[in-house]
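The values are calculated or read from the model by the stated rules, or taken from the named source; none is laboratory data. No experiment lies behind these values; they were computed from the predicted model shown. Neighbour counts run over all protein chains shown; Cβ positions are idealised from the backbone, glycine included. To get the accessible areas, we keep the full protein, side chains included, count just its heavy atoms, and leave off ligands, DNA and RNA. Shrake-Rupley method; radii C 1.70, N 1.55, O 1.52, S 1.80 Å.
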Amino acid sequence: MTIHAFCHEQLMTHGPLTLEALTDLAVAAGVTHSGTPHVSVRKSLRGRAVPMPDGRLATPLWLLEGRVLTTHAVGENGFSYNADGASDVALLTPALRTGPVPLASGGELRAPSSWGYGWRAPKGWPGVAPGDGELLGLRIRDGALHVELVREDDALQQRGQALAAALEDAQLDLFLGDPAAVSRRLTEALWASLATDPGLLTEPVPPLSECIPALRLALARQPDPWVLPSDDWRPTLVLPAELEWIALDHARSAQMSLDDWLDDHVERSLLALDGVQPGPRTLAKVVPFPVPRRGRSWP
C-alpha cells in the first residue's frame, strides 16, 4: 500500500489528523521506512489532502460527505468540461487524485492521466438526463458519488445568494483577471468553510460559476478559446505557379496590389457561398470582427 493510500484510509476512518499523528500511524504500519517519515508523508499528501483551519489534515471525501455540487449536463458523458464546468466541480479534483471514487450506480470515477480537470467515467454514466430547468447534482454519500436531478427554482437561487454572501470575506475579487486563480481561491475558501460548517452545501445551490459573482465575472472576461483573435490568425494561401500569374494579371488590370486583389476576391467568393451579394469591400459590414490578413510571400 502506498503512503498516500494508507493516509487516505486513516483520514476516512478517523477524520482529520495532524501530520505528526499520520506519520506515527504510517511508521507503525510499516508503510514508510524513510529516515524522515514526516517529509515522506507530507509529500505523499500534497494536492491530495486539505489543510484544516486548526492545522489538521482532512481527506477530501471526508469533507465532502453529504455535500452536493451542481453542474449543467452538456458533453459526451453528460458533463461540461469547459472552464465553467471545471470550476463547478473543482472540489472533486483532489478527491480523484487520492484514488478512484466509487459510483453509487456501479464502477468508479477516475482522474485523467494528467493532473488536469475532468475525469474518466464508465460508459453510459451518469445515465440521468436532466429536463428543462434541471441540473445534475453530484452528492457524496457513504464515500460514494450519487447523481440526482436538481430543480432550478427560487429556493435554489436563494441558497446560492446565501453562499455568495457567506464567502464575501474571501477576497475573490483580488483575482478577477484570472478565472483559474479565482476558482483556486474559491476552492480554498470552500474547504475552510466545509471544515467548520456541517450544513454547508448539504442542500444544492446553483453551479458555482453562476452563483459566485467573482467567478462569474472572471469567466465572462476570458476569451472564447474557439474564437481566435484576428491578430493571431495567419492562414497561408498557396497557389500553383499558373494561378499566381492569373492572380497577378487580374490585380494589374484592376490597378490593385496583389494582396488587396486577393483579399477582395476571397471575400467576394466566401460571401457568395453564404448567399450574400457583396458590394465594394463589404466584408467588414457583414462580419463583426476585423478580417485577418494572410501571411504570403511572393517571388
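Tally Lys and Arg at +1 and Asp and Glu at -1 over the other residues with C-beta under 12 Å from the C-beta of residue 171: what net charge comes out?
-3
Quick one: accessible surface of residue 54, probe radius 1.4 Å, all protein chains present, in square angstrom to the nearest 10.
For residue 54, solvent-accessible area is about 100 Å².
Using θ = phi - 60° and the Karplus relation 6.51 cos²θ - 1.76 cosθ + 1.60, list the HN-Hα couplings for the range 37-51 in order, rounded to whole Hz, with x at every Gly or Pro.
x, 5, 5, 5, 5, 4, 5, 5, 9, 5, x, 10, 10, 10, x
Leaving ligands and nucleic acids out of the surface, order 87, 269 by accessible area at 1.4 Å, largest first.
269, 87
Amide H of residue 108 versus every other amide H placed in the peptide plane: which residues, excluding those fewer than 5 positions away on the same chain, fall under 5 Å?
Residues meeting the amide H criterion: 103.
Given a 1.4 Å probe, how much area per residue of the range 162-220 is accessible, in Å²? Mind showing how you got there, number by number?
Working: 2730 Å² over 59 residues.
Here the residues of the range 162-220 average 46 Å² of exposed surface.
Within the range 82-112, find all residues whose amide N lies under 19 Å from a label point positioned 7 Å from the Cα of residue 188 along Cα-to-beta-carbon.
Taking a point 7 Å out along Cα→Cβ of residue 188, the residues of the range 82-112 whose backbone N falls under 19 Å are 87-95.
Got a sec? What order do 256, 1, 52 fall in by accessible area at 1.4 Å, biggest, i.e. largest, first? Show your work: numbers first, answer last.
Values: 256 70, 1 140, 52 20 Å².
If we order 256, 1, 52 from most to least accessible, we get 1, 256, 52.
Express in nm, to one decimal, how much length is gained between residue 27 and residue 258 on full extension, taking 0.36 nm for each residue of separation and deducting their alpha carbon distance.
Taking residue 27 through residue 258 to full extension adds about 75.5 nm, to one decimal.
From the phi of every residue in the range 119-133, what ³J(HN,Hα) in whole Hz does the Karplus formula 6.51 cos²θ - 1.76 cosθ + 1.60 yield, where θ is phi - 60° and glycine or proline is x?
Working through the residues one at a time gives 7, 10, 10, x, 4, x, 7, x, x, 10, 10, x, x, 4, x Hz.
Taking amide H positions as placed 1.01 Å from N in the peptide plane, with prolines and chain starts having none, which residues 5 or more places from residue 149, or on another chain, fall under 5 Å of its amide H?
Here the answer is 137, since their amide H atoms fall under 5 Å of that of residue 149.
If you take every residue apart from residue 254 with its C-beta less than 11 Å away from the C-beta of residue 254, what net charge results, scoring Lys and Arg +1 and Asp and Glu -1?
So the surrounding residues net to -2.
Can you give the extra length, in nm with one decimal, that the chain gains between residue 20 and residue 203 once fully stretched, where that is 0.36 nm per residue apart less the Cα-Cα distance?
So the chain would gain 62.4 nm between residue 20 and residue 203.
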